[in-house]
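**Student:** Here it is, the structure, as structure tokens.
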Amino acid sequence: MEQGQWRKARRLVREARRVIALTGAGISAESGVPTFRDAGGLWRNYRPEELATPEALARDPRTVLEWYAWRRSALAECRPNEGHRALARFFLRRGEAGLVTQNVDGLHTRAALEEAGEDPPEAALPLELHGAVGRDRCEFCEARWPAEPLGDAIPRCSACGGLRRPDVVLFGETLDAGLLDRARRLAERADLCLVVGTSAVVYPAAALPLATREAGGLIMEVNVRRTALTDVAAAALRGEAGTILPALLDPQPAVKAR
Ligand code: BJW
Ligand code: ZN
């Protein structure tokens, strides 16, 4: 890793008054959660882009619901990693909200609970832009439920008969307007946007770092590979989030001046 990038990255974090972090599937990779667009992102010959759509859900609800059931069971084995924890500690210390995630795995929330105790302050909790896979919602009404195992029958809403589906944002569906507004405001007010483990190709989330930049702030990237944002990033740290984030964000032991 280039020394210059690290020195610059540490300085940017130290000097930033307001920080927003935007995370994607890569931050959970070390917890054992598969990413979407890296090798191994296929399930029974389907690509996530084919299953995470309202059309697929309407055409073949069982296949899509089985995919989510499989992901839920895989997630039950996963724990937050050092990357989630370092971000939770960082925003706890700052006392100011700034964590925005595209992930639906709930691992940021679990890390906040583990770092802060049972009742973490709002500042340490993520804005989950694409929803939460641990919840179901009705396709028509406001009803929501904790996720339950899939049985033989397609699950229906007891109030209106609508399909009971995962409470996540599929391709072509709109994000919660209030949440997106809050995330945009955080991005525009931040002087540093830390982009972690996302290919940054899915909109509108991918526009958040650009909003920081347009408002005069800087982008910093943490990823194992180059992405669409690398060229506009003020600093890019190459490597695994679980190693880089604690080294970048945790207070460093003071070096004795001589
Ligand atoms: C590591 C690592 C380690 C690995 N350490 N790093 C403007 C332009 C063009 C298109 C659009 C646009 N605006 C909207 C669109 C359409 C569409 C879109 O963006 N399409 C693009 C693909 C072109 N957007 C939408 O449809 C959105 N809705 C919307 O805009 O509504 C208005 C509208 C309606 C109708 C038409 C048009 C507009 C909704 C998007 C919802 C995305 N949903 C999903 C599924 C969620 C539920 C679920 O999980 O099942 O969200 S798709 C999937 O992608 C998931 C993710 O949150 C999202 C982002 O993926 P992410 O996190 O970046 O993962 P990967 O796999 O791509 O990347 C992993 C990265 O980690 C890689 O870079 C690795 O290198 C790295 N990595 N290990 C650090 N250890
Ligand atoms: Zn309903």
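**Student:** Nearest 5 is fine: what % of DSSP beta bridges in the chain come out antiparallel, could you say?
**Tutor:** Of the beta bridges lying entirely in the chain, close to 35 percent run antiparallel.
**Student:** What is the set of long-range amide H partners of Leu194 at a cut-off below 5 Å, with H atoms built 1.01 Å from backbone N?
**Tutor:** Ile20, Ala21, Leu22, Met220
**Student:** May I pose another question? With θ taken as phi - 60° and the coefficients 6.51, -1.76 and 1.60, list the Karplus ³J(HN,Hα) couplings across segment 211-218 in order, rounded to whole Hz; mark glycine and proline as x.
**Tutor:** Along segment 211-218, the couplings run 5, 4, 5, 5, 7, x, x, 10 Hz.
**Student:** Provide the percentage of antiparallel DSSP beta bridges, counting only those with both residues in segment 155-258; round to the nearest 5.
**Tutor:** Taking every DSSP beta bridge within segment 155-258, about 10 percent pair in antiparallel fashion.
**Student:** Further, regarding this structure: DSSP loop (so not H, G, I, E, B), at most 16 other Cβ within 10 Å: list which GluC sites (Glu not before Pro) in segment 104-165 pass both filters.
**Tutor:** Passing sites in segment 104-165 are Glu118, Glu142.
**Student:** Give the accessible area for Ser158 in Å² (nearest 10); use a 1.4 Å probe, count only protein heavy atoms, and leave out ligands, DNA and RNA.
**Tutor:** My reading of the accessible area for Ser158 is about 110 Å².
**Student:** Starting from the Cα of Glu148, step 7 Å along the direction of its Cβ; do the same at Arg17; then give the gap between the two resulting points in nm.
**Tutor:** In this crude label model, Glu148 to Arg17 measures out at 5.1 nm.
**Student:** So which trypsin sites (Lys or Arg not before Pro) in segment 1-54 pass both tests, a DSSP loop state and at most 13 other Cβ atoms within 10 Å of the Cβ?
**Tutor:** Those that pass, being in a loop and sparsely packed, are Arg17, Arg44.
**Student:** A further question follows. Say each of Glu214 and Ala254 gets a label point 7 Å from the Cα, pointing the same way as Cα to Cβ; how far apart are those two points in nm?
**Tutor:** The answer from the label model is 4.3 nm.
**Student:** Would you work out what percent of the accessible area of the chain, with all protein chains in place, is carbon or sulfur (probe 1.4 Å)?
**Tutor:** Roughly 50 percent of what the probe reaches on the chain is carbon or sulfur.
**Student:** Evaluate the relative contact order of segment 97-198 (contact order divided by residue number), counting alpha-carbon pairs under 8 angstrom at least 6 apart; express in whole percent.
**Tutor:** Result for segment 97-198 is 25 percent.
**Student:** For Val224 and Arg47, what does the FRET efficiency come to when R0 = 22 Å and r is the distance between their Cβ atoms, rounded to the nearest 0.05?
**Tutor:** Working from the Cβ atoms, E equals 0.60.
**Student:** With every protein chain left in place and a probe of 1.4 Å, what is the accessible surface of Cys160, to the nearest 10 Å²?
**Tutor:** 60 Å²
**Student:** Mind checking the per residue accessible area of the chain for me, 1.4 Å probe, whole number of Å²?
**Tutor:** 51 Å²
**Student:** Now, a different point. Restricting to DSSP H runs of at least four residues, report the calculated mean residue ellipticity at 222 nm for the chain, -39500 (n - 2.57) per run over all residues, nearest 500 deg cm²/dmol.
**Tutor:** When only DSSP H runs of four or more count, the value is -10500 deg cm²/dmol.
**Student:** Here is a follow-up. Please list 3J(HN,Hα) in residue order for segment 89-102, calculated via the Karplus relation 6.51 cos²θ - 1.76 cosθ + 1.60 where θ = phi - 60°; whole Hz, with x for glycine and proline.
**Tutor:** The phi angles translate into 4, 4, 6, 5, 4, 6, x, 9, 4, x, 9, 10, 10, 8 Hz.
The values are calculated or read from the model by the stated rules, or taken from the named source; none is laboratory data. All figures in this text were calculated on a predicted structure; none of them were measured in a lab. All Cβ positions, glycine included, derive from the backbone under ideal geometry; neighbour counts span all protein chains shown. For accessibility, only protein heavy atoms count, side chains too; no ligands or nucleic acids. Shrake-Rupley method; radii C 1.70, N 1.55, O 1.52, S 1.80 Å.
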